[in-house]
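S.K.: Pasting a structure here, questions to come.
None of the figures in this text is laboratory data; all of them are computed from the coordinates on show. Please read these numbers as outputs of a predicted model, since none were measured by experiment. Note that each Cβ is placed from the backbone with ideal geometry, even for glycine, and that neighbours are counted across all protein chains shown.
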Amino acid sequence: MYPVCRKAMAAESNGQRAGFVTRRQWGARKEKDGVEALNVPVPYVVIHHTATEDCTTISDCMVQARYIQDFHMDSNGWSDVGYNFMVAGDDGLVYEARGWTKLGAHVKSYNRVSIVDLNIVSRRAWVAERPTHTTNMTTPIGKVLIVETSTEGCITDCIRIIRHLQTDHKEGRSLWDIRYNFLVGGDGKVYEGRGWSVVGAAVPECNQDSIGICFVGTFSTEPPPEKQIKAAERLIAFGVSRGYIKPNYKVAYASQINSDGVNGVRSSDKLDEVVRSWPHWSNVDYLNNDTLRKEFCQSRYVSTVQLYIENKAESSLLFTKCRAVTFPLRFI
């Protein structure tokens, strides 16, 4: 632990509040090249949130600050943590990020986008295993694919189900990781899967230029709880506001594209009804029209033999479909 961190925590234990934690104190990484200077004074103050877990102590908040910086630099490809300052919850301290004199990366314009009650649980928080491999995805993407886990639902024990799913996908199905980009629990929380910048495996043949969002549960007779639906809608709105999803994106559910139940990828009737009510829903039966499906999925097709030779890993997701038509070459 950094000596300055020990001093800060010692001050906390003695009831002292300096009010400000410097980059050095919370262990920030050195910024990369490309951070621009900020012209001051500025005309606007933009309020945002991290969409991570809360923190209640200096040590916990320092860990969160480092995680946020790692995510922004390693996953988003930014030069530094995106914010100028971060304000902790029960901690009550201000954590220096880019500071007063450097341009932030928290929004792409002056538009302030507020997403209420969007709680994204990071991979670290649900103790995800490391992926075997990853394939980067270029954003913004144009499609949102909705599937379900076809398991029990969850209100208080979503992490147990999600960790079991990752184990099944990696060990039972030979995938590189949990197949979805995000999962939405019945508790109203969003769980980070492969995230925004990694190609998923949500729907066979259609994972390029798409984000796979999975509802935890089975929805044959009852629709998802309202807070689960709202969390998914807010996640999509968040993706649009941050430039991960194109404003003119299309939404489709699994059974529009693949035979229901293939490799455990499905969406039930009541979930499909929810998706059909969304304004960006693509009202096309891709399942029974190969031409439209290929156009929608924007994949390059090759023979099944070549597909298998090119990359055996994760091949079962596509190879077991075994149709006369060809399959996409690029793997997830």
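S.K.: Need one word for the range 120-287: rounded, prolate or oblate. Basis is the Cα gyration tensor (sqrt eigenvalues a ≥ b ≥ c); a/c below 1.5 gives rounded, then a/b vs b/c decides.
M.R.: rounded
S.K.: Would you mind ranking Arg276, Arg194, Arg66 by Cβ crowding within 10 Å, fewest neighbours first?
M.R.: Lowest to highest Cβ neighbour count: Arg276, Arg66, Arg194.
S.K.: Amide H to amide H, which residues 5 or more places from Glu53 or on other chains are under 5 Å from it, using H placed in the peptide plane?
M.R.: HN-HN under 5 Å from Glu53: Ser122.
S.K.: In the structure displayed, which of Lys143/Lys270; Lys143/Lys227; Lys102/Lys143; Lys102/Lys250; Lys30/Lys170; Lys246/Lys294 lie more than 28 Å apart, Cα to Cα?
M.R.: As for pairs spanning more than 28 Å Cα to Cα, those are Lys102/Lys143; Lys102/Lys250; Lys30/Lys170.
S.K.: Using amide H atoms built 1.01 Å from N in the peptide plane, name the residues 5+ places from Leu38, or on other chains, whose amide H lies under 5 Å from its own.
M.R.: Placed amide hydrogens put Lys102, Leu103 under 5 Å from Leu38.
S.K.: Once phi is turned into θ = phi - 60°, what whole-Hz ³J(HN,Hα) does the Karplus curve with 6.51, -1.76 and 1.60 give for every residue of the range 54-59, x standing for Gly and Pro?
M.R.: For the range 54-59, the Karplus curve yields 6, 9, 10, 10, 4, 4 Hz.
S.K.: Using the Karplus equation 6.51 cos²θ - 1.76 cosθ + 1.60 (θ = phi - 60°), what ³J(HN,Hα) coupling, rounded to whole Hz, does each residue of the range 154-163 give in order, writing x for Gly and Pro?
M.R.: Coupling constants for the range 154-163: 8, 10, 10, 10, 5, 4, 4, 5, 5, 5 Hz.
S.K.: Full-extension gain between Asn136 and Arg29, please, as 0.36 nm times their residue separation minus the C-alpha to C-alpha distance.
M.R.: Gain in length upon complete extension: 36.2 nm.
S.K.: Out of residues 5 or more away from Ile211 or on other chains, whose amide H comes under 5 Å of its own, with H placed 1.01 Å from N in the peptide plane?
M.R.: When sequence neighbours closer than 5 places are left aside, the close amide H contacts are Lys143, Val144, Leu145.
S.K.: Please rank Tyr67, Tyr191, fewest neighbouring Cβ atoms within 10 Å first, as an exposure proxy.
M.R.: With the fewest neighbours first, Tyr67, Tyr191 line up as Tyr67, Tyr191.
S.K.: Which whole-Hz couplings ³J(HN,Hα) result when phi for each residue of the range 136-151 is put into the Karplus expression 6.51 cos²θ - 1.76 cosθ + 1.60, θ = phi - 60°, listed in order with x for Gly and Pro?
M.R.: So the J values, rounded to whole Hz, are 5, 10, 7, 10, x, 9, x, 9, 10, 10, 10, 9, 10, 7, 6, 10.
S.K.: Neighbouring Cβ atoms within 10 Å as the yardstick, rank Thr139, Thr56, Thr291 fewest first.
M.R.: Final ranking by Cβ density, sparse to dense: Thr291, Thr56, Thr139.
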